[in-house]
Amino acid sequence: MRYFDFEKIAQEAGISADKLDELCQVIRKEFPDDDMMYELHVLRACMAVRDGYIELGDALDVELIVNEN
């Protein structure tokens with residue numbers, strides 16, 4: 001079951017399929033058993049990149065994500 005269409009937002013943000021896969025892997029580590037939270041955080045990261053709040057490199061930075069939580 002899919003909860004959010006984060007691929008569309010990633011495309012709007014100019015995130016390549018390879019980079020989206022990488023982002024998904026980083027976020028999946030934080031939510032290994034909760035698909036809804038995983039997808040929500042992927043969506044929010046893509047929206048933040050699209051809207052200029054963060055750079056994609058920051059979203060992919062595991063240390064930054066871990067330290068934010």
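The values are calculated or read from the model by the stated rules, or taken from the named source; none is laboratory data. Note that this is a predicted model, so its numbers are computed, not measured. Using ideal geometry, Cβ is built from the backbone for each residue, glycine included, and neighbour counts are taken over all protein chains shown.
Going by the structure shown, is residue 11 in a helix (DSSP H, G or I) and more than 11 Å from the chain's Cα centre (by Cα)? Break it down into steps so the answer makes sense when it comes.
Working: in a helix (DSSP H, G or I): yes; more than 11 Å from the chain's Cα centre (by Cα): yes.
Taking the combined requirement at face value, the residue satisfies it.
Is there any pair with a first residue in the range 5-33 that is touching a residue at least 12 places away in the same chain (Cβ under 8 Å) and a second that is in a loop (DSSP other than H, G, I, E, B) whose Cβ atoms are under 8 Å apart and which are 6 or more apart or on different chains, and what are they?
Here the result reads 23/15; 30/69, each pair linking the range 5-33 to a residue that is in a loop (DSSP other than H, G, I, E, B).
Could you pull out the residue among 48, 10, 59 that is crowded, with 16+ Cβ neighbours inside 10 Å and in contact with a Ser or Thr (Cβ under 9 Å, 6 or more places away or on another chain)?
Answer to the check: 10.
Among 37, 47, which is the only one that is more than 10 Å from residue 6 (Cβ to Cβ), part of a helix (DSSP H, G or I) and modelled with pLDDT of 95 or more? Lay out the reasoning, then the answer.
Details: 47 fails: more than 10 Å from residue 6 (Cβ to Cβ).
After ruling out the rest, the residue left standing is 37.
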